[in-house]
């Protein structure tokens, strides 16, 4: 009788523990979903506010009317002044879309790079991918017309949307040179004794090498190309057009979906390559494919915006502090956080010295520098490297 009572107590205790674990699991999952939902709602609200702000201030009501009237002209009336619609739809909206796509791409790429290399300090910027891609784009700007001739300036128009052949060439060159930096990183990570700090130092060296190439391209370029490269390197949204947005949308969406597909395997990698291999994951193939796709989505956006630093480093860390280390949730949260950070920075860049604007890259360098200093001042900094 006593043994039966003891067994019953053990069963009840185990049942209670399982129920408690289940409740904790669902509570954590709910917290993550709520956090991602809050980011999405905040991003949507800020996007509308950003569309309203500029050298010409437009009320939020007129902004919404302009958007809704463009989508359903027979249902919704236009803004109070007809020219507001042109400012919103053809002027500011492509820029906001480019900001959202770039923030999403850079933050997602940084998140996946950190997971694949198991190094919380890597990102497209710190690994030298951004600078290498910038060098490729600079080469396309300087030598594109010489190599491809009149074809380089070929454009295809469909209504108010124009596609330029030069945009595709710049994206391709950015990707190829960005891939060069990743090849160096992959060569280093094959060696088991390579430390995390060595990978970061390699990224710094890669940045310096390609920065030298950018300086050389500026030195040999003509006045128009020099001005274009200089403005482009500062990082900005001057090339925001519907044509650029429509080129980037399928690239960014396809890459993000593939990276999200990798997140479950990246979670397994957090315990080490040996554990992941024992679970049937081809770690080497996944690492190569993930880094290549991250480089592609980064290079595609940088080709239009120039160098935008630190988003891929900041966004994942901010999200980890709130929702933990599950990459299934960190990736979408980081993508939204990266878009939010870049949208706030770009909005400030547009209004801080209006009617002129400040390159958003300058603001990101300031914010990212402060964030980086805060990170290295933390007590557990040494454990990261």
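The values are calculated or read from the model by the stated rules, or taken from the named source; none is laboratory data. This one's a predicted model, so the numbers in the text were calculated from it and none came from an experiment. Because the Cβ atoms are built from the backbone with ideal geometry, glycine has one as well, and the counts that use them run over all protein chains shown.
Would you mind stating whether residue 276 is touching a helix residue (DSSP H, G or I) at 6+ places or on another chain (Cβ under 7 Å), part of a helix (DSSP H, G or I) and without any contact (Cβ under 8 Å) to a residue 12 or more places away in the chain?
yes
Return yes when residue 278 is surrounded by fewer than 17 Cβ atoms within 10 Å (Cβ to Cβ) and either under 30 Å from residue 96 (Cα atoms) or at pLDDT 80 or above (or both) and no when it is not.
yes
Considering only the stretch 248-256, I want to know if a residue exists there that is surrounded by fewer than 13 Cβ atoms within 10 Å (Cβ to Cβ), over 21 Å from the mean Cα position of the chain (by Cα) and over 22 Å from residue 364 (Cβ atoms).
no
Scan the stretch 216-229 for residues that are in a helix (DSSP H, G or I) and surrounded by 14 or more Cβ atoms within 10 Å (Cβ to Cβ) and report the count.
Let us first name the residues in the stretch 216-229 that are in a helix (DSSP H, G or I), namely 216-220, 223-229.
Filter once more, keeping what is surrounded by 14 or more Cβ atoms within 10 Å (Cβ to Cβ): 216-218, 225-226, 228-229.
Number of matching residues: 7.
Go through (1) within 30 Å of residue 324 (Cβ to Cβ); (2) in contact with a helix residue (DSSP H, G or I) (Cβ under 6 Å, 6 or more places away or on another chain) one by one and return the number of the condition residue 257 breaks.
The number of the failed condition is (2).
Being over 30 Å from residue 282 (Cβ atoms), within 19 Å of the chain's Cα centre (by Cα) and surrounded by 16 or more Cβ atoms within 10 Å (Cβ to Cβ): is that true of residue 233 here?
yes
Is it the case that residue 239 is surrounded by fewer than 17 Cβ atoms within 10 Å (Cβ to Cβ) and either in a helix (DSSP H, G or I) or in contact with a helix residue (DSSP H, G or I) (Cβ under 8 Å, 6 or more places away or on another chain) (or both)?
Considered against the rule, which asks whether it is surrounded by fewer than 17 Cβ atoms within 10 Å (Cβ to Cβ) and either in a helix (DSSP H, G or I) or in contact with a helix residue (DSSP H, G or I) (Cβ under 8 Å, 6 or more places away or on another chain) (or both), residue 239 comes out as no.
Within the stretch 317-324, does at least one residue satisfy the condition of being within 21 Å of residue 371 (Cα to Cα), buried (at least 24 other Cβ atoms within 10 Å of the Cβ) and at pLDDT 90 or above?
yes
Would you tally the residues in the stretch 340-356 being under 21 Å from residue 319 (Cβ atoms) and touching a residue at least 40 places away in the same chain (Cβ under 8 Å)?
First pass over the stretch 340-356, keeping only residues under 21 Å from residue 319 (Cβ atoms): 340-346.
Those still in the list that are touching a residue at least 40 places away in the same chain (Cβ under 8 Å) too: 340-344, 346.
Matching residues across the stretch 340-356 total 6.
Which condition breaks for residue 141 when tested against (1) surrounded by fewer than 15 Cβ atoms within 10 Å (Cβ to Cβ); (2) in contact (Cβ under 8 Å) with a residue 60 or more places away in the chain; (3) within 22 Å of residue 223 (Cα to Cα)?
Among (1) surrounded by fewer than 15 Cβ atoms within 10 Å (Cβ to Cβ); (2) in contact (Cβ under 8 Å) with a residue 60 or more places away in the chain; (3) within 22 Å of residue 223 (Cα to Cα), the lone unmet condition for residue 141 is (1).
Restricting attention to the stretch 107-129, report how many residues are within 11 Å of the chain's Cα centre (by Cα) and either outside any helix (DSSP H, G or I) or under 13 Å from residue 178 (Cα atoms) (or both).
Going through the stretch 107-129 one residue at a time, the tally reaches 4.
Out of 371, 304, I need the residue that is more than 20 Å from residue 248 (Cα to Cα) and touching a residue at least 24 places away in the same chain (Cβ under 8 Å). Which one?
The unique qualifying residue is 371.
Can you say whether residue 207 is without any contact (Cβ under 8 Å) to a residue 60 or more places away in the chain, in a helix (DSSP H, G or I) and within 23 Å of residue 300 (Cα to Cα), as far as the supplied structure shows? Even if it seems obvious, please write down each step before you answer.
Details: without any contact (Cβ under 8 Å) to a residue 60 or more places away in the chain: no; in a helix (DSSP H, G or I): yes; within 23 Å of residue 300 (Cα to Cα): yes.
Answer is no for this residue.
Would you please name the residue that is surrounded by the most Cβ atoms within 10 Å (Cβ to Cβ), looking only at residues in the stretch 65-93 that are in contact with a helix residue (DSSP H, G or I) (Cβ under 6 Å, 6 or more places away or on another chain) and in contact (Cβ under 8 Å) with a residue 24 or more places away in the chain?
88
Might you let me know whether the stretch 297-311 holds any residue that is buried (at least 18 other Cβ atoms within 10 Å of the Cβ), over 30 Å from residue 172 (Cβ atoms) and out of contact with any strand residue (DSSP E or B) (no Cβ under 6 Å at 6 or more places or on another chain)?
no
Yes/no per residue for (1) more than 20 Å from the chain's Cα centre (by Cα); (2) buried (at least 20 other Cβ atoms within 10 Å of the Cβ); (3) modelled with pLDDT of 85 or more:
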{"site": "166", "(1), (2), (3)": "yes, no, no"}
{"site": "170", "(1), (2), (3)": "no, yes, no"}
{"site": "184", "(1), (2), (3)": "yes, no, no"}
{"site": "191", "(1), (2), (3)": "yes, no, no"}
{"site": "201", "(1), (2), (3)": "yes, no, no"}
{"site": "210", "(1), (2), (3)": "yes, yes, yes"}
